[in-house]
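First comes the structure, then the notes that go with it.
The values are calculated or read from the model by the stated rules, or taken from the named source; none is laboratory data. The structure displayed is predicted, hence computed values, not measured ones. Reconstructed Cβ throughout: ideal geometry from the backbone, glycine too, with neighbour counts over all protein chains shown. Heads up: the accessible areas ignore ligands, DNA and RNA and are worked out on the full protein's heavy atoms, side chains in. Shrake-Rupley method; radii C 1.70, N 1.55, O 1.52, S 1.80 Å.
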Amino acid sequence: MRDEKYNPFNELCLTIDKAAKACGLGKEDYEFLKHPERELKVALSLRRDDGSVSYYDGYRVQHSSLCGPCKGGIRYHPGVNVDEVKALAGWMTFKCAVVNIPYGGGKGGVAVDPSELSEAELERLTRAYAAAISPIIGPQRDIPAPDVGTNAQIMNWFMDTCSTLAGGSFVPGAVTGKDVILGGSLGRKEATGRGVRTVVGEIFKRYGIKPKEAVVAIQGTGNVGGVSAALIAAELGSTVSAMSDVSGGVYREKGLDVKEILSFVNGGGLLKDYSREGVQHVTNDELLTSECDVLIPAALENQITAENAKDVKARFVVEAANGPTTVEADVILGERGIKVFPDILANAGGVVVSYFEWVQNNMNYYWSKEEVNGKMREIMVRAFADVVHAADKYSSDMRTAAYIVALARLVKARKARGFF
Ligand code: NAD
């Protein structure tokens, strides 16, 4: 699916142009958003367990610090490259603006397959990466978090390295998504999936759909896809007809046993090896075009493309992954009347609770899970309403509307700050 010509940063710029045009912004008002503030590339040397040395490229891109410290995850994946990291950083700027939290956008990554490293190698690589990008990050400057291929343990090592480099001060606010014992927030691990569930619930309300009658297909059973599936099934009572991982997908028209599938996957199983009566194996591509009301791509970018968009059968696409729909595919879906709720809104629950984690770290005072979930819900519901309002006002699709909401805030802040 990863196509050589696909450049996600160019796609982001096209989306910004479209939204700016729709709300009548001049090029000079928003052109700065096409120029990330800072791009750092680092070479990482890793001493392997067998004594040999492997080399990896690492990146950190700070797209914008206009409205606050840069914020965004760290991805460990062999496909990581600078254009991908630039796009992911840019999306973070727009995501934080659409939910109106005081952050800019950043993102980082290492071109590595973490599954090929031992735990000790993963720790050494993480510490090397944290040290290499340490000159440009910090709690008031740029705050990393988990993304594809990284997790709370990696954030713990990252935080420990930052604290050691700070001469031994405890710096929990250097990174979010840590374990709770080290200043992580209750509710952070499930936050992105919980936010997706909130958006799906709001869609059902707005379009008069009975949640229990809705059928949902979800690509990806990682942190985001897995939690989204679990909450949509348990709290909304919808039928989850399809789920997948990197090895392929499973489909059952009448609904899958989400709990059982997640415990199979979380126990280290691959879905190609999952078998139950009545459950069919499908490819990731077949999942995307399966019969459902809501399709939730929650794996990687560039999944719904010009090739398969014409076959998508869902009424709604909720982008839990970042950038799963190409610009060309977006046009095709729009023409076919399929409403796409964009990543910068749909998966913003994670960054909202990351923001709460950082606030709690700064206060050194911690909230209950109920408080975290309640405050996150409030922000997500308000952002959903802002986007829907902009879509009505500008007669636009939801992605354009979300960018209009974000652009209005970013352009206002730029004017207020000025530059030299
Ligand atoms: P993860 O690593 O926990 O899970 C990724 C899932 O995608 C796994 O099920 C994996 O098997 C599957 N996958 C990997 N390669 C695939 C391929 N080529 N085809 C199909 N499936 C594939 O990652 P995650 O944290 O769940 O992130 C998923 C998406 O959500 C990413 O786009 C990420 O940027 C975005 N996101 C994550 C967070 C967060 O808090 N973790 C927040 C916002 C957005």
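For the reader, a short list of remarks on this structure follows.
- Taking the listed residues Ala383, Ala391, the one that is aliphatic (A, V, I, L, M) and buried (at least 22 other Cβ atoms within 10 Å of the Cβ) is Ala383, with no other qualifying.
- Residue in the range 237-251 that is under 23 Å from Ala348 (Cα atoms) and over 22 Å from the mean Cα position of the chain (by Cα) present: yes
- Of residues in the range 55-70 being in a strand (DSSP E or B) and in contact with a Gly (Cβ under 6 Å, 6 or more places away or on another chain), the one farthest from Lys86 (Cα to Cα): Cys70
- For Asn322: the one exception among (1) buried (at least 21 other Cβ atoms within 10 Å of the Cβ); (2) modelled with pLDDT of 95 or more: (2)
- If the condition is being within 18 Å of the chain's Cα centre (by Cα) and basic (Lys, Arg), then the range 330-384 contributes only Arg377.
- Helices (runs of 4 or more DSSP H) within the range 224-342 that include 1 or more residues out of contact with any helix residue (DSSP H, G or I) (no Cβ under 8 Å at 6 or more places or on another chain), more than 30 Å from Lys18 (Cα to Cα) and not polar (S, T, N, Q): 258-266, 284-288
- Check on Gly222, surrounded by fewer than 24 Cβ atoms within 10 Å (Cβ to Cβ) and either hydroxyl-bearing (Ser, Thr, Tyr) or modelled with pLDDT under 95 (or both): yes
- Among residues of the range 136-191 being of a type in the set (Val, Ile, Thr) and within 20 Å of Tyr365 (Cα to Cα), the one that is nearest to the ligand (Cβ to nearest atom) is Thr176.
- Contact annotation: residue pairs with Cβ atoms under 6 Å, 6 or more positions apart or on different chains, pairing a residue in the range 327-352 that is under 10 Å from Met398 (Cβ atoms) with a partner that is among the acidic types (Asp, Glu) and open to solvent by 10 Å² or more (accessible area, probe 1.4 Å), are Gly334/Asp397.
- Enumeration of residues in the range 205-219 that are open to solvent by 10 Å² or more (accessible area, probe 1.4 Å), of a type outside the set (Lys, Arg) and outside any loop (DSSP other than H, G, I, E, B): Pro211, Glu213, Val215
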